[in-house]
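A short write-up of the structure that comes next.
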């Protein structure tokens, strides 16, 4: 599937328009609607307002519920609020009611099929879920059971094992871990459980991305690049949380722990705080300059503080520099991160500063850079899910 932004926007808008058309077909069929649309239709009958207006209004109210759940809307989320209701009302205005039962059944079948196609299009664009979908995933990510019964919660492996035993179909526990990873709902909470203990499965959610700014010197451009990439990662909507970790603000001294990092026996508070941040991350992006053909000392120092916290996690690179764009530094740091069992992604973002900065020192808009960021974020999200079972300690 193409990840170019224009193609994704076409799929998004086509999917949302067809979704509104599909709901209109099912309304005209008059043979039953989905639960949300029953609400919309009931409000329309009692208020006299067009159903599409109420679809958009309810979507806006639902979007407000994202705030306490800390869900971040994407372009697709905003477009969903505006377009679905418009397409619904336009189709209802053009399509008269149908009386024969055969015709209504045909409309229902067409509506259901078109609804599936529309959903695949706008979700496949990966520009943000709809307000109602985001509310459900946000509630599920925070441990609220949303399944149809006490032993059928899709996020509850124990429930699935009990249901499988009742059907006399044994299931191996590893299958549940694979299922969670495939659904991109896996996250490593090992920092809560401690080494050697099985983490609480209620903590599993979508991946968290940590963006690490590696330069600490005054006048650096790295923070501006880090802010740009963090905003791009939030818009990507493939992660439950995106955190910017600026090493200049973290303020780690040169490695001062008396014990080996593999022991996790930290005596300094700054190490424990850094360990918690890194352990909570499921994927990483290093925003790094090139200094004399190599990476910066603060980055190597920050990496060397820890060991287990980096294990089995994907890492991407946003490099910057004058001549090489930081590519030589990236090749050197890959030897370090692979030693820690991290997995570098193939795609990366390269910023050539002479071309990228304007006269005021700010980043110029660059569609190519945005596309490279989207490709790398796609890879990171997939690998974070695929590697999740390795991060869940036995």
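The values are calculated or read from the model by the stated rules, or taken from the named source; none is laboratory data. All values derive from a computational prediction rather than experimental measurement. Note that we place each Cβ from the backbone using ideal geometry, even for glycine, and neighbour counts take in every protein chain shown.
Brief remarks on what is shown
- Residue within region 357-380 that is under 22 Å from residue 228 (Cα atoms), part of a strand (DSSP E or B) and either touching a strand residue (DSSP E or B) at 6+ places or on another chain (Cβ under 7 Å) or free of Cβ contacts under 8 Å to residues at least 24 places away in the same chain (or both) present: yes
- Residue in region 289-297 that is in a loop (DSSP other than H, G, I, E, B), closer than 16 Å to residue 228 by Cα and touching a residue at least 60 places away in the same chain (Cβ under 8 Å) present: no
- If the condition is being crowded, with 16+ Cβ neighbours inside 10 Å, farther than 8 Å from residue 26 by Cα and modelled with pLDDT of 90 or more, then region 98-109 contributes only 104.
- Check on residue 351, under 18 Å from residue 212 (Cα atoms), part of a strand (DSSP E or B) and in contact with a helix residue (DSSP H, G or I) (Cβ under 9 Å, 6 or more places away or on another chain): yes
- Output for region 338-349, where each listed residue is modelled with pLDDT of 95 or more and closer than 27 Å to residue 219 by Cβ: 349
- Filter pass, residue 18 being in contact (Cβ under 8 Å) with a residue 12 or more places away in the chain and either within 30 Å of residue 366 (Cβ to Cβ) or out of contact with any helix residue (DSSP H, G or I) (no Cβ under 6 Å at 6 or more places or on another chain) (or both): no
- Selection within region 362-374 - surrounded by fewer than 17 Cβ atoms within 10 Å (Cβ to Cβ) and out of contact with any helix residue (DSSP H, G or I) (no Cβ under 8 Å at 6 or more places or on another chain): 365, 368
- Failed item, numbered, when residue 243 is tested on (1) surrounded by fewer than 16 Cβ atoms within 10 Å (Cβ to Cβ); (2) touching a helix residue (DSSP H, G or I) at 6+ places or on another chain (Cβ under 8 Å); (3) farther than 30 Å from residue 133 by Cα: (3)
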